Amino acid sequence: MRLALLGPPGAGKGSLASVCEERLGLRHLSTGNIFRQEMARGSALGRRVRRFVTAGTLVPDSLVVQVMVQRLRRLPRAAGVVLDGFPRTVGQARGLQAAMGRVKPLDGVVYLETPERVLVARLSGRRVCAQCGANFHLRTMRPRRAGRCDRCGGPLTVRNDDRPDTIRRRLAIDRAKAQPLLRYYERHGMLHRINGAGRLGTVFDRLVRLCRREGWLKGSRR
Ligand code: AMP
């Protein structure tokens with residue numbers, strides 16, 4: 001099964017994609033995580049994307065598509081995949097389709113519908129391990145030891161782009177870009193919406209129900 005999770009920043013795409021990896025055996029590919037890792041490594045790609053990521057603006061479509069298609073091509077043909085944070089624009093959706101040729105890049109696209117007050121509360125409480133990238137939350141996913149990662153003991157930090165001004169900018173950019181993307185996938189009969197509010201387990205159950213209904217779960221572990 002190949003899925004893309006869409007939704008504004010804070011809708012829970014990353015957390016849901018991690019659960020899909022753990023419980024359904026899907027490979028979780030997140031453009032945001034790839035860019036942050038490359039920036040931390042100081043690679044050429046990391047240097048090219050740094051100014052966009054720290055400002056909370058979008059990395060140019062051609063570069064994002066190139067990076068994602070490369071990663072997808074490295075996976076075995078039958079591998080199940082959940083894309084998180086990609087495609088983000090119609091240009092990326094078209095670029096993905098064109099680059100994959102006749103290989104169907106996605107079975108479906110799932111939009112996490114989430115009210116803005118939930119988004120802001122989630123984003124401002126988010127903490128990320130500076131060492132391994134694990135996500136925590138001050139209210140809903142607290143680390144066992146304050147300020148330290150449960151997985152590797154690294155220091156927990158606020159992402160630069162989770163600061164209040166940048167959160168507002170990211171939500172505004174997302175609103176402008178998301179509508180045409182949703183219409184694009186709607187026209188292609190690929191768009192499904194689920195409620196992204198509530199606990200992660202509840203949202204995961206909604207997603208699994210959708211996958212069963214659509215017959216996407218064949219061949220994956222669950
Ligand atoms: P995220 O972790 O998905 O919120 O992404 C963090 C940042 O990475 C975004 O604010 C953008 O600067 C960049 N980014 C991630 N995914 C994309 C994408 N599909 N297109 C353009 N920029 C992206």
Ranked from the most accessible area to the least, with a 1.4 Å probe and all protein chains present, what is the order of Glu113, Glu22?
Glu22, Glu113
Given a 1.4 Å probe and every protein chain left where it sits, what share in percent of the accessible area of the range 36-154 is carbon and sulfur?
49 percent
Under the helix-only model (-39500 (n - 2.57) for each DSSP H run of 4 or more, divided by the residues of the chain), the mean residue ellipticity at 222 nm, to 500 deg cm²/dmol, is -15500 deg cm²/dmol
Which one of Met68, Met100, Met39 has the biggest mean-square fluctuation once the chain is modelled by GNM with Cα springs under 10 Å?
Met100
What accessible area, in Å² to the nearest ten, does a 1.4 Å probe give for Arg36?
70 Å²
Counting only the heavy atoms of the protein chains, how much of Asp205 is accessible to a 1.4 Å probe, in Å² to the nearest 10?
70 Å²
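Under a Cβ-only charge scheme (Lys and Arg +1, Asp and Glu -1), can you give me the dipole magnitude of the range 102-202 about the Cα centre, in debye to the nearest 20?
Values: 23 positive and 9 negative charges, 49 e Å.
Approximately 240 debye in magnitude.
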Compute, for Asp161, the solvent-accessible surface of its heavy atoms (probe 1.4 Å) with the complete set of protein chains present, and express it in square angstrom to the nearest 10.
20 Å²
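Per residue, how much accessible area does the chain show when a 1.4 Å probe rolls over the protein heavy atoms, in square angstrom? Each step should come with its number before you reach the end.
Values: 11750 Å² over 222 residues.
Ligands and nucleic acids excluded, the result is 53 Å² per residue.
The values are calculated or read from the model by the stated rules, or taken from the named source; none is laboratory data. Everything quoted here is computed from the prediction, not taken from an experiment. Backbone-built Cβ (ideal geometry, glycine too); neighbour counts: all protein chains shown. Remember, those area values only see protein heavy atoms, side chains included, never the ligands or the DNA or RNA. Shrake-Rupley method; radii C 1.70, N 1.55, O 1.52, S 1.80 Å.
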